[in-house]
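The values are calculated or read from the model by the stated rules, or taken from the named source; none is laboratory data. Source: prediction; values computed, not measured. Counting neighbours? That spans all protein chains shown, and the Cβs are built from the backbone with ideal geometry, glycine included.
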Amino acid sequence: MSGDHEVVVVDLDNTLCKLEVDWGEVKAGLERLAEAAGADVEDEGIWPLMEAAQQPGREPLLDDMERLVTEAELAGAHGPRNQALVEWLARDPRPVSVLSLNSQAAVRRALSFHGLDERVSHIVCRDDVRRVKPDPEGMLLLASRHGVDPNRILFIGDKEGDEECAAQAGTRFMHVEEIGVNWSR
């Protein structure tokens, strides 16, 4: 990538690091919590289930769901790092930040585990925003924290939602596979 960006923002899970979480088990746990609270449960993903709990009077349910997901993320924060991306970032002197659907605590633990915490300037996670990716709120917050226009950011991610977030925020996007994926401990 040429010098057409001032800041690099990376997704965490399956891009920079891999959280070792059984997301199927987490989803089943969320469904059990929702059913026990009398919430309507359809066959949806983790984030739609948590968003459905964001209703007046459902604060205890949302707290329980957040705790369940965060505990699973923290337990899995020792997973491997993408050595290809770590090396790519080491060659790029620009500031690096993380935008993640994961919890702030899990992102910090994973970065610390791999010795990457000193390389990262800012972290924006689901705890920091009202609307998670692909909504651009988190990316726009990072642009503000770095004092740059969003079009000066390169966002590196692994999912369509990451690319959609970049498009909505007006940032550049690069799929992590363009750099390489080499999981290493």
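Considering each residue of segment 80-98, count those that are closer than 22 Å to residue 127 by Cβ and either without any contact (Cβ under 8 Å) to a residue 60 or more places away in the chain or among the aromatic types (Phe, Trp, Tyr) (or both), and give that number.
0
Run residue 48 past the list (1) surrounded by 14 or more Cβ atoms within 10 Å (Cβ to Cβ); (2) closer than 22 Å to residue 157 by Cα and report the number of the one that doesn't hold.
(1)
Might you check whether a residue that is farther than 23 Å from residue 177 by Cα, buried (at least 19 other Cβ atoms within 10 Å of the Cβ), of a type in the set (Ser, Thr, Tyr) and outside the structural domain of residue 29 (by TED's automatic domain parsing) occurs anywhere in segment 95-105?
From segment 95-105, those farther than 23 Å from residue 177 by Cα are 103-105; that's our starting set.
Restricting the remaining residues to those that are buried (at least 19 other Cβ atoms within 10 Å of the Cβ) gives 103.
Subsequent filtering for residues that are of a type in the set (Ser, Thr, Tyr) retains 103.
Add one more test, that the residue is outside the structural domain of residue 29 (by TED's automatic domain parsing), and what stays is 103.
Looking for residues that are farther than 23 Å from residue 177 by Cα, buried (at least 19 other Cβ atoms within 10 Å of the Cβ), of a type in the set (Ser, Thr, Tyr) and outside the structural domain of residue 29 (by TED's automatic domain parsing), one finds at least one in segment 95-105, hence yes.
Among the residues of segment 127-185 satisfying the criterion of being modelled with pLDDT under 95 and touching an Asp or Glu at 6+ places or on another chain (Cβ under 6 Å), which is farthest from residue 7 (Cα to Cα)?
131
Within segment 67-83, is there a residue that is modelled with pLDDT of 95 or more, within 25 Å of residue 4 (Cα to Cα), surrounded by fewer than 16 Cβ atoms within 10 Å (Cβ to Cβ) and not assigned by TED's automatic domain parsing to the domain that holds residue 37? Steps first, answer last, please.
Here is the first cut: in segment 67-83, the ones modelled with pLDDT of 95 or more are 67-83.
With the extra rule that they be within 25 Å of residue 4 (Cα to Cα), the set shrinks to 82-83.
Narrowing the set further to residues that are surrounded by fewer than 16 Cβ atoms within 10 Å (Cβ to Cβ) leaves 83.
Now restrict to residues that are not assigned by TED's automatic domain parsing to the domain that holds residue 37: 83.
Within segment 67-83 (the criterion being modelled with pLDDT of 95 or more, within 25 Å of residue 4 (Cα to Cα), surrounded by fewer than 16 Cβ atoms within 10 Å (Cβ to Cβ) and not assigned by TED's automatic domain parsing to the domain that holds residue 37), the answer is yes, since at least one residue qualifies.
Picking from 25, 42, 20, which residue would you name as being outside any helix (DSSP H, G or I), surrounded by fewer than 16 Cβ atoms within 10 Å (Cβ to Cβ) and at pLDDT 90 or above?
Numbers: 25 fails: outside any helix (DSSP H, G or I); 42 fails: at pLDDT 90 or above.
Answer to the selection: 20.
For residue 114, are the conditions met, namely being within 24 Å of residue 4 (Cβ to Cβ) and either modelled with pLDDT of 95 or more or surrounded by fewer than 16 Cβ atoms within 10 Å (Cβ to Cβ) (or both)? Give the steps one after another, and end with the answer.
Values: within 24 Å of residue 4 (Cβ to Cβ): no; either modelled with pLDDT of 95 or more or surrounded by fewer than 16 Cβ atoms within 10 Å (Cβ to Cβ) (or both): yes.
Here the answer is no, as residue 114 does not meet what is asked.
List pairs: first in segment 26-51 and within 16 Å of residue 126 (Cα to Cα), second at pLDDT 80 or above and among the aromatic types (Phe, Trp, Tyr), Cβ under 7 Å, 6+ apart or cross-chain?
Once the first residue is within 16 Å of residue 126 (Cα to Cα) and sits in segment 26-51, its partners that are at pLDDT 80 or above and among the aromatic types (Phe, Trp, Tyr) give 46/23.
Conditions (1) in a loop (DSSP other than H, G, I, E, B); (2) β-branched (Val, Ile, Thr); (3) over 22 Å from residue 183 (Cα atoms); (4) under 14 Å from the mean Cα position of the chain (by Cα), marked per residue:
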site: 9; (1), (2), (3), (4): no, yes, no, yes
site: 15; (1), (2), (3), (4): yes, yes, no, yes
site: 30; (1), (2), (3), (4): no, no, yes, no
site: 35; (1), (2), (3), (4): no, no, yes, no
site: 47; (1), (2), (3), (4): no, no, yes, yes
site: 56; (1), (2), (3), (4): yes, no, yes, no
site: 61; (1), (2), (3), (4): no, no, yes, no
site: 70; (1), (2), (3), (4): no, yes, yes, yes
site: 77; (1), (2), (3), (4): yes, no, no, yes
